[in-house]
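Notes follow the structure.
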Amino acid sequence: MFIRRNRVEAVAEAFSLMGYEGLIRFDSKEPEYATIKTLYEHGLSPEFLALTVVCAGVNDFQLGAGGAEAYWSSLTEIVSRNLSNIRSVEDVRRVMEEHLKEPVCKRLITLRRERLRRFFGSGFPKWLMSNLDKARGDPRGFWIRLAQSLNNELKQKTVVFTVKVFDLFNLVVYGEYLPLPYDIPIPVDVHVARVALSSGIVGDVKEELVRRAWAMVAEGMSKRWRIRVSLLRLDSLVWQIGKLMSRQRFERASSKDAIIRYLSRELKIPSEHARAIAEEMTYNIEILREIHL
């Protein structure tokens, strides 16, 4: 288990080329961002929107066919059909139970239902509905209460990811990111772990090691930009690149081409900067074809 500091510096340097504005463009491409934006435009009130997407966040793990895209798009469809019927916390619960019937939620369905039961039984949904402004102003307090409601650790992937969902909700509805605590970790899933390995910043994919390595990358970017880079901002970038490489079956040339096309065409990042990022992300990509992570 080790972190390669020279690779951390190389990745931080490449990411820094895009500028902070380039980094935050990745958030608008996240599946959950599209759901939040669509439901808000459809007229779902901020209180019910916040609760709905936070509920979805706590069960976004080990999804079935279609992954996050299918999970969040199906939620958009179900909530949109039920907009006129969402008038209470219990209505939100019924909608979330309906969402769990979707094929993408079938895996580990007993666990998902139990998490939803525990979440609504904790009192957190009612607290959030009545204290939305307080939660927005104190995201650490929100984070702690959320973890307690699920009986999870603060650093658990779904807990941290749900904080990110709440952060994106705030961006869509109120036009700004939350004042997130600096010590919030990156939510480590298979894509985040794969990119850590393929970029060469780690020699192992132990969860805590991956967290520390990406934190070091964010620190390097923060120093270069002289602005604090939250790991939740970095998560969108890393997760999307991981998805691109997965679709190319971790073949170096096609993965580099896919990353360059996506960054330059979809995110309007200068092509020379996109190429530099693609080079660093695929530095050690062959290992992913060897270990089948």
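The values are calculated or read from the model by the stated rules, or taken from the named source; none is laboratory data. Being a predicted model, the structure only gives us computed values, none of them experimental. Counting neighbours? That spans all protein chains shown, and the Cβs are built from the backbone with ideal geometry, glycine included. In case anyone asks, the SASA skips ligands and DNA or RNA and just uses the protein heavy atoms, side chains included. Shrake-Rupley method; radii C 1.70, N 1.55, O 1.52, S 1.80 Å.
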For the chain, calculated [θ]222 nm from helices alone, where every DSSP H run of n ≥ 4 adds -39500 (n - 2.57): -20500 deg cm²/dmol
Exposed-loop-free span, longest in the chain, where trypsin sites (Lys or Arg not before Pro) count as exposed if DSSP calls them loop and at most 10 other C-beta atoms lie within 10 Å: 88-225
Across region 142-151, in residue order, what do the Karplus-derived ³J(HN,Hα) couplings come to in whole Hz, using 6.51 cos²θ - 1.76 cosθ + 1.60 with θ = phi - 60° and x for Gly and Pro? 4, 4, 5, 4, 4, 4, 5, 5, 9, 6
Region 75-137 accessible area per residue, 1.4 Å probe, protein heavy atoms, integer Å², reads 56
Would you kindly state how much longer the chain becomes between Glu41 and Ser246 on full extension, computed as 0.36 nm times their sequence separation minus their alpha carbon distance, in nm to one decimal? 70.6 nm
Using the Karplus curve 6.51 cos²θ - 1.76 cosθ + 1.60 with θ = phi - 60°, work out ³J(HN,Hα) for each residue of region 64-76 in order, rounded to whole Hz, and write x for Gly and Pro. x, 4, x, x, 4, 4, 5, 4, 7, 5, 5, 4, 4
Expressed to two decimals, region 140-285 has a Cα Rg over Rh, using the Kirkwood radius, of 0.98
With every protein chain in place, the chain: carbon and sulfur % of accessible area (1.4 Å): 47
Would you list, by chain and number, the aspartates and glutamates whose Cα falls below 13 Å from the Cα of Lys206, excluding same-chain residues fewer than 8 positions away? Asp189
Magnitude of the Cβ-charge dipole (Lys and Arg +1, Asp and Glu -1) of region 240-293 about the Cα centre, nearest 20 debye, reported as 240
5 angstrom amide H check on Val202, placed H, neighbours 5+ away: Arg4
If you plug each phi of region 5-11 into the Karplus form 6.51 cos²θ - 1.76 cosθ + 1.60 with θ = phi - 60°, what whole-Hz ³J(HN,Hα) values come out, in order, with x for Gly and Pro? 5, 5, 6, 4, 5, 5, 5
If you count only protein heavy atoms with a 1.4 Å probe, what accessible area per residue comes out for region 208-279, rounded to a whole Å²? 45
Any lysines whose Cα falls less than 25 Å from that of Lys256, other than same-chain ones fewer than 8 residues away, would be Lys29, Lys243, Lys268
Alpha-carbon centroids, region 24-75 and region 114-192: separation in whole Å: 14
Do you know the relative contact order of the chain, to the nearest whole percent, from alpha carbon pairs under 8 angstrom that are 6+ apart? 26
Which shape class, rounded, prolate or oblate, goes with region 106-211 when its Cα gyration tensor gives a ≥ b ≥ c as root eigenvalues, a/c under 1.5 marks rounded, and past that a/b bigger than b/c marks prolate? oblate
Could you state the angle between the C-alpha long axis of helix 46-58 and the longest principal axis of the C-alpha atoms of the chain, as a value from 0 to 90 degrees rounded to the nearest 10? 60
